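Read the figures in this text as sums done on the coordinates, not as results from a lab. These figures come from a predicted structure and were not determined experimentally. Note that each Cβ is placed from the backbone with ideal geometry, even for glycine, and that neighbours are counted across all protein chains shown.
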Ligand code: TNX
């Protein structure tokens, strides 16, 4: 359609019970309809009495311009731009105060920050109100989605339906675990991931920086190792700053004692003769695994140096110690290793988080568990040896949860069948050009999953009945064994990532993949130039 043939003010979204359904994800907690709509035009003013909000207003204007071509006029400072049609105000009121506090852990430590916000929209004004800058950022993000999803591509005008949106998150910890060890991605690709997290009000970027296939930290490398890609201290600091400006906390993971082949390859003195094992997964596919031997003095000399260097780079009060899949490591050695590791992390002033296997080392009240290994559908004709290994692992996994419940420690949930974004897609792609990625991406040993099956879960129920209160937050996880570049990455992230955000922020039972909500987001990803999976299950516009 030529620009001239397009309506100047695009038709608003469809209605639900008389109130227009908004293309906002996660779906806001409360929404009331109102009369008319607010039309954003090139000369629409944005006023903000608090000069401290200037950087956020600038980012908002840049986003609106990038996505719609509309250049809004900002008026900050003394007069606060009272005359401006869009007003951004720090403040509160009974509507915001009445919202429930979020559950779980705050990525910044201490009590969760206030992320509540309100949007009041009528024909003449659009007011964004929140008690904190974080809340203002969340409110502006909602507004960016509203404007961008409605934009018709030329720099005309955009209509935002009138009414009120009152919103706050359910969980304080809402994240994505990103595997940069299996595939090294340029820093810019990681920044684009931060942008996506911010767009869906996710607030944790958990970086899996070390594994068998790669060591992406500047610390722990013998002098002069170039070789595989890694991030310099300066690059990591700039990424952390970029994320912080978008209210995203970067949490580092240094995964030991298993998954350490890359580290041991750089430091051959860490070999003890017993800490390298071969295993087959699935049968006929041999792998080598390495574990760090706590009885070798050199092990902790190096591990302490690595943890101290990493803790120094990342201001986050949490430190992910990994601890998953210690293949071939005797239990007593694993338990003593993890105990010591946690002590080192605490001595650095950080609170350790470990994958669920770390519960097997015993738990104290200050520990945090990251749960991932859940029952998933497996092929019926699974070889008996694999089936029995799986059953044994599932049994251990249930005991990890029992241990976490007995110790009453917080649990971040990433249930494999719902939060693992490297599970291959089952729905066909609309676009035949996506056949290669659709076939290639995601681990083969998982059964393909439909979007519907992926979204059919609720965080509070993940740990079983009576354990709702232990759930401390939600993380998606993207593992990079099959990923070659950032297009592969975003193909697996989208559209499932906003689905995790919906579970972490909003009502987990809401149907949100309909044509009035998720379907509009393809437009935002197109504006961003991002590759995404055009699933036939979504009625894309
Ligand atoms: C399990 S989840 C792993 C990763 C793999 C992933 C593949 C976890 C703590 N460990 O090492 O990449 O499965 O989905």
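Using only the C-alpha atoms, the convex hull of segment 193-327 corresponds to 128 Å³ per residue.
Considering only the Cα atoms of segment 51-187, their convex hull presents on average a projected area of 10.9 nm². Distance from the C-alpha centroid of segment 305-327 to that of segment 470-539: 28 Å, rounded to the whole angstrom.
A viscosity of 0.890 mPa s and a temperature of 25 °C, combined with the Kirkwood radius over Cα pairs in Stokes-Einstein, give a translational diffusion coefficient for the chain of 100 µm²/s. Think of it as helices only: each DSSP H run of n ≥ 4 in the chain is worth -39500 (n - 2.57), and spread over all residues that comes to -9500 deg cm²/dmol at 222 nm.
For segment 251-308, a Kirkwood hydrodynamic radius built from all Cα pairs, placed in the Stokes-Einstein relation at 37 °C and 0.692 mPa s, yields a translational diffusion coefficient of 267 µm²/s.
For the pair residue 65 and residue 335, the difference between a 0.36 nm per residue extended length and the Cα-Cα distance amounts to 91.8 nm. For segment 238-281, the average shadow cast by the Cα convex hull is 5.2 nm², which is a quarter of the hull's surface.
Exposure proxy shown here: for 253, 245, the number of other Cβ atoms within 10 Å sets the order, fewest to most, as 245, 253. Taking every DSSP bridge with both residues inside segment 173-527, close to 20 percent are antiparallel.
For segment 399-541, pairs of C-alpha atoms spaced more than 28 angstrom apart make up 22 percent of the total.
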